[in-house]
Amino acid sequence: MDNVLNILKPERLWYFFTEICKVPRPSKKEERIASWLIDFAKKHKLECIKDECGNILIRKNASAGYEKRKTVILQSHMDMVCEKNSGTDHDFDKDPILPRIEGEWVKATGTTLGADDGIGIAVQLAILEADDIAHGPLEALFTMDEETGLTGAFGLKPGLLKGRVLINLDSEDEGQVFIGCAGGKDTLASLPLRTETAPASFSAYKVSITGLKGGHSGDDINKGLGNATKLLNRFLWNESRECGLRISSYDAGNLRNALAREGFAVVAVPSAHAKAFEISAEAFHKDLVGELHVTEPQLKFSITPSSAVSTVWTKELQNSVLNALYACPHGVLAMSREIPNEPAKLC
C-alpha cells in the first residue's frame, strides 16, 4: 500500500498511522497489532510488557537532565470500529485500511478509517521513536478491546504502571478537557427465526436506506444524524399495518457503538396494495428528506421490484421484531442543566 499520507506533517506521525492501517485490528482480535507493537519496541530497544489481558506497555527512559520529572503515561487503544459500505469487498480480519486525503480530511475508502484510536497509537510511536524531544520517563499504554467493552482497561492490574499522570489519546477535540462521559449498557435479545411459505398474489420489493453519515454512538449521538435501523423499521412498521407487508429478510446495523449508515429489507406486499405501497414509499422518502436534509443531505430511500420470495417471517416474529425496534429509544434523552451543551443521559 502506497503511503498517500506522506505529504502530511508531522511526517513520522503520519508514517506510523499509515503503517497501523496495514495491520488488521478488530475488537477482540488485536493479536497482530499487539505483535507489531512488540516488534517496534524490540527494534528501538525499549522495555515492553504484555499483560495477562493482552494490553501492551512500552517504557522509554527520560532524556538527559529530565530523569527526576514525573513519569507520564500516554494511553490509546489498539482496536477499531470495523464497518464498511455495502458493496465494499473488505475483510477486516486480513485486509488493510486504505486511507486517502479528501480536502482537509483523511478518510478511508469504503470502510471506517480507524483513526479512533489509530492516530493515538501513531502519536505514541512517533514520540517513542524521536530523539529530539526532551521528556521525563514515559510509559506508552496500548489497551485492548476498548470499543466493545473496555476489556483492556478493566483488566489492567494494579502495579503495572509507574506513572501517576495519564494523558488519554482518544479524543477528536482540540483545546478541550473532558471531565466525564456517557456510560453504556447493552441489552441482548434473541428471537428464533420462524418462517413460513410466502402467500400467493404478493409482489416482492427491496427496500433500501443508504447515504447516511453514520458515526459514533457516543460522540455523534447529539448531532441529529439518521439511524438506518430506526428509519427502515419505521417504514416497515407502518406498512405492515397499512398494506399487510410481510418481511422476507432484514439487514440493518452492524455494531453496537456505530450509528447504522445503511439498511435493507426484502418484503412481500399483497399485489392488490402494490400501488398504494409505492405511493407510501414516495411519501416516506419526502418525509425523511424534510426531517434530515440538514444533517443527512446524501440520504437515499428507495424501493425496487425484487424477484419473488419463497418464505416470509411469521406474523408473530415480524410483530415482535418491529415493535421492539420501534420501542427502542435513540438519541439524547436529556441535557445537563448545569453544563451548557453537555448531554446528561444518552441512549
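Worth pointing out:
- When the range 66-88 is limited to residues that are within 18 Å of the chain's Cα centre (by Cα) and of a type in the set (Ser, Thr, Tyr), the one that is farthest from residue 258 (Cα to Cα) turns out to be 76.
- Apart from one condition, residue 230 fits all of (1) within 20 Å of the chain's Cα centre (by Cα); (2) loosely packed, with under 14 Cβ neighbours inside 10 Å; (3) among the basic types (Lys, Arg); the exception is (2).
- Screening residue 174 against (1) out of contact with any Gly (no Cβ under 7 Å at 6 or more places or on another chain); (2) among the acidic types (Asp, Glu); (3) crowded, with 20+ Cβ neighbours inside 10 Å leaves a single unmet condition, (3).
- Verdict on residue 89 being under 26 Å from residue 253 (Cβ atoms), among the acidic types (Asp, Glu), in a helix (DSSP H, G or I) and modelled with pLDDT under 95: no
- Selection count where residues are touching a strand residue (DSSP E or B) at 6+ places or on another chain (Cβ under 7 Å) and over 30 Å from residue 114 (Cβ atoms), scope the range 279-301: 3
- Scan of the range 241-253 for residues that are surrounded by fewer than 18 Cβ atoms within 10 Å (Cβ to Cβ) and either modelled with pLDDT under 90 or of a type in the set (Phe, Trp, Tyr) (or both), ordered by number: none
- For the range 191-215, a residue qualifies if it is within 27 Å of the chain's Cα centre (by Cα) and charged (D, E, K, R), and the qualifying residues are 206, 213.
- Among residues of the range 281-298 that are under 18 Å from residue 223 (Cβ atoms), those with a Cβ under 7 angstrom from a residue that is part of a helix (DSSP H, G or I) and of a type in the set (A, V, I, L, M), sequence gap 6+ or separate chain, pair up as 288/231.
- Residue 272 among the small types (Gly, Ala, Ser), assigned to a loop (DSSP other than H, G, I, E, B) and either modelled with pLDDT of 90 or more or assigned by TED's automatic domain parsing to the domain that holds residue 85 (or both): no
- Scan of the range 35-59 for residues that are assigned to a helix (DSSP H, G or I) and either of a type outside the set (A, V, I, L, M) or surrounded by fewer than 18 Cβ atoms within 10 Å (Cβ to Cβ) (or both), ordered by number: 35, 36, 38, 39, 40, 42, 43
- Answer residue from the range 2-23, given it is under 19 Å from residue 95 (Cα atoms) and within 22 Å of the chain's Cα centre (by Cα) and is surrounded by the fewest Cβ atoms within 10 Å (Cβ to Cβ) among those: 22
- Strands (runs of 3 or more DSSP E) contained in the range 154-240 and holding at least 2 residues modelled with pLDDT of 95 or more and within 25 Å of residue 256 (Cβ to Cβ): 202-210
- Summed over the range 247-269, the residues that are touching an Asp or Glu at 6+ places or on another chain (Cβ under 9 Å), part of a strand (DSSP E or B) and not hydrophobic (A, V, I, L, M, F, W, C) give a count of 2.
- Residue in the range 12-21 that is on the phi > 0 side of the Ramachandran plot and at pLDDT 95 or above present: no
The values are calculated or read from the model by the stated rules, or taken from the named source; none is laboratory data. Bear in mind that the values here come from a model prediction, so they are computed numbers and not experimental data. Reconstructed Cβ throughout: ideal geometry from the backbone, glycine too, with neighbour counts over all protein chains shown.
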